[in-house]
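This report refers to the structure that appears directly beneath it.
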Amino acid sequence: MTTLEDDDYDGLSGTQQLLLEVLAARHRLGESVWTFSTKTRKTAEKLKSMGLINVIHGITERTYRASLTDQGRNLLFDPLYEVPIRTEEVTNPATARSDEQNARFERVLASASRDTLLVINDLHAAHAKAVRENVALLERAQKAEATAAEASTELARIAKTLDMLEASHSLTEVRAVLAAHAVLAAIQSQGTEEEQ
């Protein structure tokens, strides 16, 4: 392990200096360990070999954690420097809230939950209504299709009968065809009324 004198700090690469400055800033805020991307792992290993930092594995993939060694702190800080804040001394913001703030927070949360439930209920009702309307439209379409099929069959029968009448010219048969045509017209008008 090589040692580093104060004057040698300027001889470090920019990335090495930046990594040390990040750790120094974290140290000033009371963080003893900081997480970095493995993209800077070679730089960290070089600083570790100089005795300036400690390197340990990261908690998540492609990360590692580093902290300043005593030698690193001596290089970056005045010997009389004291860290103003320690992580252990900082109170948890959730527990530092007053009872009034906690009550207000719970009211806001309850209101948001209630509003969310109302929106979900409205969406459910709108969906159910749309489903009912679609089912009704489908039923009407099926009835209209059935009526159209009946009318088509009746028209085919009437056309066949007319063809036969042209050949025989029977007056009785013409009356029967006209009566069938009237029945067909009644069926078609009934189907049109149901669609509307």
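Pairs under 8 Å by beta carbon, first residue in contact (Cβ under 8 Å) with a residue 40 or more places away in the chain and among the hydroxyl-bearing types (S, T, Y) in region 65-76, partner part of a loop (DSSP other than H, G, I, E, B) and surrounded by fewer than 16 Cβ atoms within 10 Å (Cβ to Cβ), six or more apart or different chains?
What qualifies is S67/S32; S67/V33.
Mind listing just one residue for me: the one in region 151-168 that is at pLDDT 80 or above and small (G, A, S) and, of those, farthest from I187 (Cα to Cα)?
A156
Does L171 meet the test of being modelled with pLDDT of 75 or more and either among the aliphatic types (A, V, I, L, M) or touching a Pro at 6+ places or on another chain (Cβ under 6 Å) (or both)?
no
Please pick out the residue among A148, A141, A136, A128 that is surrounded by 12 or more Cβ atoms within 10 Å (Cβ to Cβ), modelled with pLDDT of 75 or more and not assigned by TED's automatic domain parsing to the domain that holds L29.
Within the list A148, A141, A136, A128, the selection yields A148.
The values are calculated or read from the model by the stated rules, or taken from the named source; none is laboratory data. As the structure is a computational prediction, the values presented were derived from the model and not from experiment. Every residue, glycine as well, gets a Cβ built from its backbone with ideal geometry; the counts of neighbours run over all protein chains shown.
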